[in-house]
Amino acid sequence: MSRLSRRRFLATGATGAGALGAGALGAGALATPNVARAETAREWRMVTSWPKNLPGPGVTAQRLAQRITTASNGALTVKVHAAGEIVPALEVFDAVQSGTAQMAHTASFFWQGRFAAAPFFTAVPFGLTAPEHAAWILHGGGQALWDELYAPAGVRAFMAGNTGMQMGGWFTREIHSLDDIKGLKMRMPGLGGAILRKLGGASVALPPGEIFQALQSGVVDAAEFLGPWSDMAQGFYRVAPYYYAPGFHEPNGTGECLVSVAAFAELPENLQAVVADCCAAENAFSVAEADWMNGAALDTLVREHGVNLRSFPQDVLAAARSAAEGVLDEAASGDEMFAKILASYRQAKTRLAGWTKTGTVSFLEARG
């Protein structure tokens, strides 16, 4: 890549990426290697689990594809296909494994039925926050475990987007106590769904594009998705007026870029670095974007759309917190890989908790 092209990429990236700055891009992104114009041009398909241009992950997927295309100077062009265009939202892992696509943008908890431990790489109830999760993946051995988990399928994953702290979900009726959870039908994937079942509710698996209709028709009584920015775009406030916090089930919103191991191995080292570094750059950019956009969206939901912002009752949170560790231990008892990843995750949580409490929590309390 020419010096001018490299400067243009760092300055503008993809849509809105100019706000990143060198610091947000991170050392990895700044090390993106030069790619010769004469290099053989390649084109990859990226399938996603998201509606096209969905604020949050849909935008992230499109921007990641553009980052890779631009950073490679066109040597690797990535074409994005939203959920349903080539394969359904929850079949993108299979598409990468089979070679239908070389790449996917999705979330790991969708693969819980195939890899019990997959949700660790998106979010764990009452677990790591987004900065803590990144610390575990990058410095605590999390990436190696992620690689090991998906290796039998010939797929590898990179952190490539984060929607940050999640909300607890949209409810068609108020939750006054733990009794109101009993019999509740809620869209809640991942380990949060297992906790919901422990509390007497029923978890329903739905791809993002089907949530609104399910709420509107009464198929579900409640649904969680992401944060205010993405949720507002989906229009959930039109059919479920109660919006609950905190998102105890997902204190982090890491998305994953799935890549075919075979397709990745065919790339020269410089293009492999482009893919990895662009994922890192987009991961840093997206979590900052989510915080920025969620603040404004939450205000709009309450002030303009009359959304009733609520906090979960303390007995609901206490019961969920009590059930969380049991759900993890139960899953670990029957799955060696789950137990291995759980041990690493808990070690990271213990290591990070003291500093988070002393540094972040104490400051937020002081800030008021």
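The values are calculated or read from the model by the stated rules, or taken from the named source; none is laboratory data. Keep in mind that what you see is a predicted model, and the values were worked out from it rather than measured. Because the Cβ atoms are built from the backbone with ideal geometry, glycine has one as well, and the counts that use them run over all protein chains shown.
Collect the residues in the range 191-242 that are more than 17 Å from the chain's Cα centre (by Cα), assigned to a loop (DSSP other than H, G, I, E, B) and surrounded by fewer than 20 Cβ atoms within 10 Å (Cβ to Cβ), keeping them in residue-number order.
Residues satisfying the conditions are 199, 200, 218, 219, 235, 239, 241.
For residue 123, all conditions in the list (1) in a loop (DSSP other than H, G, I, E, B); (2) more than 17 Å from the chain's Cα centre (by Cα); (3) small (Gly, Ala, Ser); (4) under 21 Å from residue 209 (Cα atoms) hold save one; what is the number of the exception?
Answer for residue 123: the failing condition is (2).
Of 183, 169, 192, 142, which residue is at pLDDT 95 or above and in contact with a helix residue (DSSP H, G or I) (Cβ under 8 Å, 6 or more places away or on another chain)? If you could, list the steps in order and put the result at the bottom.
Numbers: 183 fails: in contact with a helix residue (DSSP H, G or I) (Cβ under 8 Å, 6 or more places away or on another chain); 169 fails: in contact with a helix residue (DSSP H, G or I) (Cβ under 8 Å, 6 or more places away or on another chain); 192 fails: in contact with a helix residue (DSSP H, G or I) (Cβ under 8 Å, 6 or more places away or on another chain).
That would be 142, the only listed residue that is at pLDDT 95 or above and in contact with a helix residue (DSSP H, G or I) (Cβ under 8 Å, 6 or more places away or on another chain).
All but one of (1) touching a residue at least 40 places away in the same chain (Cβ under 8 Å); (2) over 28 Å from residue 149 (Cβ atoms) hold for residue 320, so report the exception by its number.
Against the list (1) touching a residue at least 40 places away in the same chain (Cβ under 8 Å); (2) over 28 Å from residue 149 (Cβ atoms), residue 320 comes up short only on (2).
Filter the range 95-120 down to the residues that are not in a helix (DSSP H, G or I) and not hydrophobic (A, V, I, L, M, F, W, C) and list them by number. First the steps, then the outcome.
Applying the first criterion (not in a helix (DSSP H, G or I)) to the range 95-120 yields 99-107, 112-117.
Correct list: 99, 100, 102, 105, 106, 112, 113, 114.
I'd like the full set of residues that are assigned to a helix (DSSP H, G or I) and more than 23 Å from the chain's Cα centre (by Cα), limited to the range 333-350.
Within the range 333-350, the first condition is being assigned to a helix (DSSP H, G or I), and the residues that meet it are 333, 336-350.
Those that are assigned to a helix (DSSP H, G or I) and more than 23 Å from the chain's Cα centre (by Cα): 333, 336.
So which of 309, 271, 267 ends up being farther than 30 Å from residue 76 by Cβ, of a type outside the set (D, E, K, R) and over 18 Å from the mean Cα position of the chain (by Cα)?
Numbers: 271 fails: farther than 30 Å from residue 76 by Cβ; 267 fails: farther than 30 Å from residue 76 by Cβ.
On inspection, the qualifying residue turns out to be 309.
What single numbered condition from (1) modelled with pLDDT under 95; (2) surrounded by fewer than 22 Cβ atoms within 10 Å (Cβ to Cβ); (3) among the polar types (S, T, N, Q) fails to hold for residue 97?
Tallying (1) modelled with pLDDT under 95; (2) surrounded by fewer than 22 Cβ atoms within 10 Å (Cβ to Cβ); (3) among the polar types (S, T, N, Q), residue 97 fails exactly one: (1).
Mind listing just one residue for me: the one in the range 295-321 that is assigned to a helix (DSSP H, G or I) and touching a Lys or Arg at 6+ places or on another chain (Cβ under 9 Å) and, of those, nearest to residue 128 (Cα to Cα)?
Within the range 295-321, the first condition is being assigned to a helix (DSSP H, G or I), and the residues that meet it are 295-303, 314-321.
With touching a Lys or Arg at 6+ places or on another chain (Cβ under 9 Å) added as a condition, the list becomes 319-320.
On the way: 319: 19, 320: 16 Å.
Residue satisfying both the conditions and the ranking: 320.
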